[in-house]
1. Averaged across orientations, what area in nm² does the convex hull of the alpha carbons in the stretch 98-140 project?
2. Suppose a student asked you for the relative contact order of the stretch 2-189, using Cα pairs under 8 Å spaced at least 6 residues apart; what percent would you report?
3. Which stretch or stretches of the stretch 119-150 have amide N atoms under 14 Å from the point lying 7 Å from Ile157's Cα along the Cα→Cβ direction?
4. Taking the alpha carbon gyration tensor of the stretch 2-189, what are the square roots of 5 times its eigenvalues, largest first, to the nearest whole Å?
5. How big is the convex hull of the Cα atoms of the stretch 91-173, per residue, in Å³?
Amino acid sequence: MNEIVDNYGLGALQVSGIVTLFANAEKAIKLVELTHSELIIPAVNELRYVGYHITNYIKNPEKTEEIDKAVGHCKRATFDAYEAGIIYYIREFQKFKDDYATVMITEVVPKYIEYCKGVIDTIDFINKTDKDTRHKNYIHCAELFDNLSGMLKDLDIARAELNKLLKKERRNSLVAICAILALIVAIVGIFINHNNSPVSKEVHALSPTNSKDPDAKKSKALPPPATNQETSTKQTHN
């Protein structure tokens, strides 16, 4: 058996750990598919490349670089799978923030600030990891996926208590709005009652502009009395 393995160069494949790496990548793909029910196409394509390079190596065992390429694709497949899961979890976290934006989440989830920082750090990691370094960071990517998975479970459990706070906050807001409306109605009512009061009507009636006495209107239109100088001038002229 060992002779057959060596004849096909499979011994070098075993030493490379390709079997374990392939199994881990496949596990990651299945796990993330169960998380959000979508096939992780980039990760699946990476596993296709693994088969391509292994086949090339078996055809010509002298091309040991094909093993290295296959190993790299296994690691990239693992990274791509967990990256897709991380992106899904980040979206779920953002939905959680939007759902409870008006309540104090830390009253129910003491670690919420820590969770927020962890999400920010994870986003930075994803953004800084390019296609040439994915195979070097596949293990850390898996760890971040596990951390976010645990975080989302805690947040989902907290929703029941947070919904109670949300209902209370909405009820308080409704009471405040009703109080403001009642105050506005009261102010308008006072203004209307003041204009309709007997005293207000009497004052309004005594106003010269509203008086029905024609003499009052005429007196308002009469010119001012002549001064002593004007009277003396008229007498001299006469």
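1. Numbers: hull surface 16.5 nm².
Result: 4.1 nm².
2. Working: 150 pairs, mean separation 41.4, N = 188.
So the answer I get is 22 percent.
3. 149-150
4. On the way: eigenvalues 585, 35, 31 Å².
Gyration-tensor ellipsoid for the stretch 2-189: 54, 13, 12 Å.
5. On the way: hull volume 6.9 nm³, N = 83.
Value for the stretch 91-173: 83 Å³ per residue.
Laboratory data are not the source of any read-out in this text; all were calculated from the coordinates shown. Everything quoted here is computed from the prediction, not taken from an experiment. When we count neighbours, we look across all protein chains shown, and the Cβ atoms used for this are built from the backbone with ideal geometry, even at glycine.
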